Amino acid sequence: MPETQALEDFLRAKLDPVESRAEFPARGDGDLNGSPSPTGRELRPAAVLAPLILHDGAPRFLFTERAAHLSKHAGQISFPGGRIDPGDATPADAALRELEEEVGIAPGYVDLVGRFDAYETVTGFSVTPFVGIVRPGFSLRPDPGEVADVFEAPYDFLMNPANHQRQSREWQGVRRYFYAMPWQERYIWGATAGMLKSLHDRLYG
């Protein structure tokens, strides 16, 4: 559809090339807490994919809900992704590998359209985020060891600054501020919401 192609062209024009690489994280969990990125900490490399579905209805992103038994970030909403392994040739390869491992979408169903600003998490990761358009025909096979659920949320909702809430909570005795984008019964917050805010600023800021 023309509107779909226009959005894809817009994304390619605004995002960095897939093969490009940021020297340091430009955004991070500390941006709302007085320690904006880059902080100079030793960071572990990671990559995530923001899977964008443009067929069969309005554009929407695909997310995972992390399994409740995980030791870290249990039950949180995330983009598919994780740490970059030694066998990954590039961060993009890591993001595609994690997508297939977590939800069963093979790389052949994904057209990577670009990369946006690396993100520094409070837990010590430098996350390289990519946007990839998911082609029709894929089937979901979530890994129960990592993923409790897979769902989609509208692109227009997530890219609307009216839905970019600033919230706070106590963490290790300190009040921490973060972005949150609650959608229906889903609570998208923390690093995932921070990356969505970064993507919005890149595209529309």
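The values are calculated or read from the model by the stated rules, or taken from the named source; none is laboratory data. Worth saying up front: this structure is predicted, and the values here are computed from it rather than measured. Don't worry about glycine lacking a Cβ; one is built from the backbone with ideal geometry, like all the others, and counts go over all protein chains shown. The area values use the complete protein model at the heavy-atom level, side chains included, leaving out ligands, DNA and RNA. Shrake-Rupley method; radii C 1.70, N 1.55, O 1.52, S 1.80 Å.
Key figures
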{"item": "Accessible carbon and sulfur surface of the chain relative to its total accessible area, %, 1.4 Å", "result": "51"}
{"item": "Helix-only CD estimate at 222 nm, as mean residue ellipticity for the chain, using -39500 (n - 2.57) per DSSP H run (n ≥ 4)", "result": "-6500 deg cm²/dmol"}
{"item": "Candidates ALA106, ALA92, ALA13, ranked by Gaussian network fluctuation over the chain, Cα under 10 Å, top entry", "result": "ALA13"}
{"item": "Segment 116-205, relative contact order [Cα under 8 Å, separation at least 6], %", "result": "23"}
{"item": "Relative contact order (%) - the chain, alpha-carbon pairs under 8 angstrom, separation at least six", "result": "26"}
{"item": "Residues whose placed amide H lies under 5 Å from that of PHE125, excluding near-sequence neighbours", "result": "ARG44"}
{"item": "Cα centroid separation, segment 111-182 to segment 186-205 (Å)", "result": "7"}
{"item": "Ordering of 79-85, 48-54, 159-165 by packing [mean C-beta count within 10 Å, highest first]", "result": "48-54, 79-85, 159-165"}
{"item": "Per residue solvent-accessible surface (Å²) - the chain, probe of 1.4 Å", "result": "49"}
{"item": "Candidates per GluC sites (Glu not before Pro) in segment 118-205, loop by DSSP, up to 13 other Cβ within 10 Å", "result": "GLU185"}
